[in-house]
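Structure first, then comments.
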Amino acid sequence: MKTVAKTTVQKKAKPDASPSSLLAKDFLKQLMALQSDDELRKIQRYFKSGEGQYGAGDKFIGVRMGQLFALAKTFMDMEPAEIEKLLENPIHEARAGAVSIMDFQARSRKIPASRRKALYDLYIDRHDCINNWDLVDRSAPYVVGGYLHDKSRDVLYKLARSKNMWERRTAIVSTFFFIRQGDVDDTFKIAEILLRDKEDLVQKATGGWLRAAGGKAPARLYEFLDKYASTMPRTTLRYATERLDKKRRAHYLSLAKL
């Protein structure tokens, strides 16, 4: 009888998702494989990293954000000590990966309270590494806001008065978690502190978060604008009134002095 040789079908190996493989060096290796010169050119036009600009000295390699987020999700169980290694990396996309991993963990309902605190502590302690608007916006709402929702929020008021513009942005951006719960008090209070801020990226965040809070509590937003529209930065005012009806928005913008 003629023997028919069996054909061996090789299955594609699945990504190693065991805890021992969730190391910063492995993330970086996979991140570098996603590098794109075309994407780098786009990023360099988008982020201001030249001398004297807000992101001066920031180093980019060129990785699409969608690819970076997908990679971060495969590493979402990474331990805080390894995440900190990514935060310390001079490559912007590595730090973006770090805060994305932190965000994925903070959003998970399975995460224990001890890990939520560890992530929060890491964010606050290493804010020196969270030094661009996208890094703040990617992680502050759940890593900081989500942790503080049932605790004292005094730290946000301290951050709002910081000399560091990214810490001030964290103060207002973190309140997004509260806004989603219908709690807008801290957003309006912190916005008052930031109304004299001279940094464009803090003004935009303040206006954007006022707008979001106004979506939950329109009367509070009108009251705030009645009081401050004539003295707040025009950038903040434009962002805060963006979703108002044309007549009401025109009224508040007409009050702006700057």
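The values are calculated or read from the model by the stated rules, or taken from the named source; none is laboratory data. This structure is a prediction, so every number in the text was calculated from the model and none was measured. Note that each Cβ is placed from the backbone with ideal geometry, even for glycine, and that neighbours are counted across all protein chains shown. What goes into the accessible areas is simple: the full protein's heavy atoms, side chains included, and nothing from ligands, DNA or RNA. Shrake-Rupley method; radii C 1.70, N 1.55, O 1.52, S 1.80 Å.
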If amide H atoms are built 1.01 Å from N in the plane of the peptide, which residues on other chains or at least 5 residues away come under 5 Å of the amide H of LYS59? HIS92
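Distance check, please: which entries in LYS25/LYS117; LYS25/LYS73; LYS198/LYS227; LYS158/LYS204 exceed 22 angstrom between their Cα atoms? Let's see the in-between values first.
On the way: LYS25/LYS117 24 Å; LYS25/LYS73 16 Å; LYS198/LYS227 19 Å; LYS158/LYS204 20 Å.
In this structure, LYS25/LYS117 lie more than 22 Å apart at Cα.
In Å², what does the accessible area per residue of the chain work out to with a 1.4 Å probe? Show your work: numbers first, answer last.
Values: 14520 Å² over 258 residues.
Value for the chain: 56 Å² per residue.
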Could you check the spin-label model distance between LYS227 and GLU79? Points 7 Å from the Cα along Cα→Cβ, value in nm. 4.8
Once the other residues with Cβ under 13 Å from the Cβ of ARG196 are scored (Lys, Arg +1; Asp, Glu -1), what is the net sum? 0
Counting only other residues whose beta carbon sits under 11 Å from that of HIS251, what net charge do I get with K and R as +1, D and E as -1? +2
Sort the stretch 122-204 into rounded, prolate or oblate with this rule: let a ≥ b ≥ c be the square roots of the eigenvalues of the Cα gyration tensor; rounded if a/c is under 1.5, and if a/c is not under 1.5, prolate when a/b is larger than b/c, oblate otherwise. oblate
Treat each spin label as a single point 7 Å out from the Cα along the C-beta direction, and report the SER108 to LYS42 distance in nm. 2.9
Return the label of the correct value of volume of the Cα convex hull per residue in Å³, as calculated from the structure shown, out of (1) 191; (2) 115; (3) 129. (1)
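Please sort by residue number the chymotrypsin sites (Phe, Trp or Tyr not before Pro) in the stretch 89-191 whose DSSP state is loop and whose Cβ has at most 11 other Cβ atoms within 10 Å. Intermediate results must be reported in sequence, preceding the final value.
Working: sites: PHE104, TYR120, TYR123, TRP133, TYR142, TYR147, TYR157, TRP166, PHE176, PHE177, PHE178, PHE188; in loops: none.
Answer by residue number: there is no such site.
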Extending each Cα 7 Å along its Cβ direction at ARG248 and GLU88, get the distance between those two points in nm, one decimal. 5.0
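Just add up the charged neighbours of VAL184: K/R +1, D/E -1, any other residue whose Cβ is under 12 Å from the Cβ of VAL184. Intermediate values should be presented prior to the final figure.
Working: positive: ARG180, LYS189, ARG211, LYS216, ARG220; negative: ASP183, ASP185, ASP186, GLU223.
Overall, the nearby charge balance is +1.
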In range of the label at LYS29: residues from the stretch 68-97 whose backbone nitrogen is under 15 Å from the point 7 Å along Cα→Cβ: 75
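Carbon and sulfur: what percent of the chain's accessible surface (1.4 Å probe)?
Values: 7410 of 14520 Å².
With neighbouring chains kept in place, the figure for the chain is 51 percent.
Sorted by average packing, counted as other Cβ atoms within 10 angstrom per residue and highest first, what order do 72-85, 24-37 take?
Details: 72-85: 18.0, 24-37: 15.1.
Packing proxy ranking, top to bottom: 72-85, 24-37.
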Compute the separation of the alpha-carbon centres of the stretch 210-258 and the stretch 87-123 and state it in Å as a whole number. 34
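What's the magnitude of the charge dipole for the stretch 56-140 around its Cα centre, counting Lys and Arg as +1 and Asp and Glu as -1 at the beta-carbon? Answer in Debye, nearest 20. All intermediate terms of the calculation are to be shown ahead of the outcome.
Details: 13 positive and 13 negative charges, 85 e Å.
That gives the stretch 56-140 a dipole magnitude of about 400 debye.
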